[in-house]
1. Using alpha carbon centroids, what distance separates the range 113-128 and the range 155-171, in Å?
2. Given H placed 1.01 Å from N in the peptide plane, which residues other than close sequence neighbours of ILE292 have an amide H under 5 Å from its amide H?
3. Once you put a point 7 Å from the Cα of LYS42 and another 7 Å from the Cα of LEU145, both along the Cβ direction, what distance in nm separates them?
4. Can you tell me, using C-alpha contacts under 8 Å and at least 6 residues apart, the relative contact order of the chain as a whole percent?
5. Please work out the FRET efficiency for the pair LYS106 and ASN77, using the Cβ-Cβ distance as r and a Förster radius of 45 Å; give the result to the nearest 0.05.
6. With a ≥ b ≥ c the root eigenvalues of the C-alpha gyration tensor of the range 209-285, is it rounded (a/c under 1.5), prolate (a/b larger than b/c) or oblate?
7. Which FRET efficiency value, to the nearest 0.05, is calculated for HIS218 and ASP270 with the Förster distance at 30 angstrom and r the Cβ-Cβ distance?
8. So between SER233 and GLU206, what do we pick up on full extension, going 0.36 nm a residue minus the alpha carbon distance?
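Values in this text are rule-based calculations from the coordinates and carry no lab data. In this text, all values refer to a predicted model and were calculated from it rather than measured experimentally. Don't worry about glycine lacking a Cβ; one is built from the backbone with ideal geometry, like all the others, and counts go over all protein chains shown.
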Amino acid sequence: MRTEATLEEWKALYDVAIRLKDVKPWEELWDMDLITILPKGKKEPCICSVMGRGGECYAIGAYNGINSIHNFFEMVNNHDVPSHQLIRYQNNIMCNFGNRDELTKKELTLIKELGFKFRGKNNWIYFRVFETGYAPYMPDKNQVLEFTGILKNLYMAIKALHTGLEVDFKNGNTLMRRFDEKNNQWINYEMPVFIPKVQYSIPSLEDQLLIKKLKKQHKVNSILELDIAYLNSTINDRNYDKPLIPRLCILVDGRSRMILSQAMVTPEDDDVDIIFGTIINYIFQKGKPKQIVVRDTYILSILIDLCKQIGIDIVQSGKLKGIDEFLESFYEYRIK
């Protein structure tokens, strides 16, 4: 169950965000000039990305933990994935310096209760959590406390840069700030950027009778596109304490661009079951396709063993023409 932060806890977070805004870190850091923080007592680091040097979007993103950092680099490096689908990689907390009309009524009320009076463009501070399967939402108590600590350490790391610490960001280094347990103090130093490699688990279909039946199905010369796509809408459901972002498992004929099946995916659903069911149903109805094209490594890992067992080629591509056309038409319809 969600627990809300107190006004005092929110004020501590806003105070450090205001201090960071005053030093204008985006005037000296690009978004890939990463600050790495290893919080006291934690085993996994957090990386912070400062945005705004380009003069468009001013924000600080914190990617906490191995999986979140991995997803950050997936998002950065997947240039062929449509922008509206990059949210699948975003598991982080954002501190935004934006405009008043970007804030929700709840956020405006909070700022008023805290006694802050922000004015003008890029001066309104608000915080959003990005989590797979959910629309961006305000942080809860634990997230407020954790983010406060991260931003305090980010502020101190930036002060270290101002007092002489040199970091070769251009050649892939980061400023590391961590607590030295031996000497009981925080230390700052330069080191190579930490880019974790995450190995997704590869599920295996154990039903040998089902595998035999799938193998016996006739082959068809079809190329399929499969993805769990993220839709640009929000669902507020009383059964959840966070707003949902609709996810849709879509199967498309890659040649004709015809939609073959689609199914909503909720946070309770098992992605493996949904994807296995989609492909197995197609095989029994139409036959074994020549090839399946998927968008990301996550879905590739789910299907790779099944495809190997029954003799289907599987490839990964950030662009899925049939699915992307459907999504773009969906977005255009919503705008109208």
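1. Here the two parts' Cα centres lie 27 Å apart.
2. LEU224, ASP313, ILE314, VAL315
3. 1.4 nm
4. Normalised by residue count, the contact order of the chain is 16 percent.
5. So the FRET efficiency works out to roughly 0.80.
6. Oblate, since a/c reaches 1.5 and b/c is not below a/b.
7. 0.55
8. Here the answer is 6.0 nm.
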